[in-house]
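A quick write-up on the structure given underneath.
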Amino acid sequence: MSPTILVTGGAGYIGAHACVALIAAGYTPLVLDNLCNSSAESLRRVRRISGVEPRLIVADIRDAQALDALFAAQPVAAVMHFAGLKAVGESTAAPLRYHDNNVGGSVALLQAMQRAGVRTLIFSSSATVYGEPSVAQFREDMRCDPVNPYGRGKWMIEQMLGDLAASEPGWRIAALRYFNPVGAHPSGLIGEDPRGVPDNLMPYITQVAVGRLPALRVFGGDWPTADGSGVRDYIHVMDLAEGHVAALRHLLEHAPQRLTLNLGSGRGTSVLQLLHAFEHVIGRALPHEIVARRPGDIAAYWADPTRAAAVLGWRTQRDLSALCADAWRWQQANPRGYADA
Ligand code: NAD
Ligand code: WQD
């Protein structure tokens, strides 16, 4: 029988892609999501891609009863923990809401796992935990000093996971620090569906391309980078999803107590480079203007992905044009996201 993997936040952007990758690898995803930032439609789309619709339990990770009932109802081999709130700006305005949901929610999930004797966990961390180091290529052994409540929450959870693994034998925990996830499944059936005006670059670009937004504002043309725009490490969401499956296999087969890995391509791409790659894919120019820097941004960073390659044998496969083409296929087929369904 194929092992069941609990996917918290599995109806969301990255979680739904992880469900596709899990099914392809022979696992059975079981989704727990309160749908606060997603729609069950994503899981119906997973069925159209994979032939299997993950079971959805609509509940909050802070709901101990729901978690106990879930763990009592079937054996769970491992947990992929994606559930969380992710808007950096919002976390500054509402830190308690973020810490309650993300940190408190993780505590509740870990307590339920402990009661159920499930001790294998993959946690969605973020490159945000590094803060603003003086070098641009981030390595896992660098000092973490996050600069906003969202990032501090991720770092608190990582530290808590370390404490837990050290306190009790049997835990197998991976914290995966994502760089900038973008793109969509190549079918165009699932993808990123932000509520309201997107904060992030790629959905903003695709919404300009589809006519939902008038023009891209490039935040800063005077950064100390080759073309003056900000540089990030964009990772295709399917590469990211496959990285999770590789980490899961590693935890199940090699049982390391603790693993912290960057998931990124190792390649820095500027805002203007991403915009031009996208324009090349769609065959037309997009309106854009260079405006002031966005508060809280830094000039440039990207992953050192060496450790993930050495430990998991995983590295990104998809290039910039694939991530633009796939993001565009999703946006074109679903101009208003899952609301079109
Ligand atoms: P998303 O909002 O699309 O998915 C998160 C899911 O979690 C949503 O379906 C939401 O409904 C659910 N959720 C939130 N709080 C919950 C709760 N208390 N109980 C149950 N379900 C809850 O976001 P995403 O981009 O798929 O991100 C997934 C994870 O990856 C998050 O933890 C995020 O912080 C992390 N991450 C995301 C990025 C990124 O840029 N997308 C980068 C680094 C890390
Ligand atoms: C990318 C680049 C912007 C929008 C955020 C979170 C981070 C992680 C990933 C969760 C920057 C520029 C953007 C726009 C622009 N999330 N930009 N015009 O800020 O690198 O990372 O998402 O863990 O924690 O902070 O991503 O997509 O917002 O920005 O010029 O309309 O695009 O200035 O250089 P960011 P982003």
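The values are calculated or read from the model by the stated rules, or taken from the named source; none is laboratory data. Keep in mind that this is a model prediction, so the values were computed, not measured. Virtual Cβ from ideal backbone geometry, glycine too; neighbours counted across all protein chains shown. Side chains are part of the model used for accessible areas, which takes the heavy atoms of the whole protein and leaves out ligands, DNA and RNA. Shrake-Rupley method; radii C 1.70, N 1.55, O 1.52, S 1.80 Å.
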Inset, instruction - Please give the contour-minus-distance gain from CYS36 to ASP227: 0.36 nm per residue of separation, less the Cα-Cα distance, rounded to one decimal in nm. - result: 64.9 nm
Inset, instruction - May I ask you to rank MET156, MET1 by accessible area, largest first, using a 1.4 Å probe over the protein chains only? - result: MET1, MET156
Legend entry - Other-chain or far-sequence residues with amide H under 5 Å of SER126's (modelled H): TYR178
Inset, instruction - Round to the nearest 10 and report in Å² the accessible area of GLU289, as given by a 1.4 Å probe over the protein chains' heavy atoms. - result: 100
Inset, instruction - Please list CYS36, CYS19 in order of solvent-accessible area, largest first, computed with a 1.4 Å probe with all protein chains present. - result: CYS36, CYS19
Legend entry - Accessible area per residue in Å² at 1.4 Å probe, computed on region 232-284: 33
Legend entry - For ILE235, distant residues with modelled amide H under 5 Å away: ASN180, VAL182
Inset, instruction - For SER229, SER187, give the ranking by accessible area with the largest first, probe 1.4 Å. - result: SER187, SER229
Legend entry - Selection from LEU248, ALA40, ALA215 lying farthest towards where the dipole of the chain points positive, charges on Cβ: ALA40
Legend entry - Dipole in debye (nearest 20) - region 241-296, about Cα centre, beta carbon charges: Lys, Arg +1; Asp, Glu -1: 160
Inset, instruction - Would you work out if region 81-158 is rounded, prolate or oblate? Take a ≥ b ≥ c from the square roots of the eigenvalues of the alpha-carbon gyration tensor; rounded if a/c is under 1.5, else prolate when a/b is larger than b/c, oblate otherwise. - result: oblate
Legend entry - Selected from ALA116, ASN148, VAL135, residue furthest toward positive end of dipole (region 104-148; charges at beta carbon): ALA116
Inset, instruction - Taking amide H positions as placed in the peptide plane 1.01 Å from N, state which residues far from ALA78 in sequence (5 or more) or on other chains have amide H under 5 Å from it. - result: LEU6
Inset, instruction - Put one equal scatterer on each alpha carbon of region 229-293, apply the Debye formula with no solvent term, and list log10 I(q)/I(0) at q = 0.14, 0.19, 0.29 1/Å to two decimals. - result: -0.61, -0.84, -1.23
Inset, instruction - Express as a percent, rounded to the nearest 5, the fraction of DSSP beta bridges in the chain (both residues included) that run antiparallel. - result: 5
Inset, instruction - Grab the DSSP H runs of the chain that are 4 residues or longer, score each as -39,500 (n - 2.57), total them, divide by all residues and round the 222 nm result to the nearest 500 deg cm²/dmol. - result: -12000 deg cm²/dmol
Inset, instruction - Determine how large the accessible area of ASP304 is when every protein chain is in place; take a 1.4 Å probe and give Å² rounded to the nearest 10. - result: 20
Legend entry - Stokes-Einstein D (µm²/s) once Rh is taken as the Kirkwood radius of the chain over alpha-carbon pairs, at 10 °C in 1.306 mPa s: 78
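State to the nearest 20 debye the size of the charge dipole of region 145-253 about its Cα centre, where the only charges are +1 on K and R beta carbons and -1 on D and E beta carbons.
Using Cβ point charges on Lys, Arg, Asp and Glu, region 145-253 gives about 260 debye.
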Inset, instruction - At 1.4 Å probe size, with no ligands or nucleic acids counted, give the accessible surface of THR206 in Å², nearest ten. - result: 10
Legend entry - GNM top mover of GLY296, GLY12, GLY228 - the chain, alpha-carbon springs below 10 Å: GLY296
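Taking all protein chains as present, what is the carbon and sulfur share of the accessible area of the chain, in % to the nearest whole number, probe 1.4 Å?
51
Which value, in debye to the nearest 20, gives the size of the charge dipole of the chain about its Cα centre, when Lys and Arg are +1 and Asp and Glu are -1 at the Cβ?
That gives the chain a dipole magnitude of about 380 debye.
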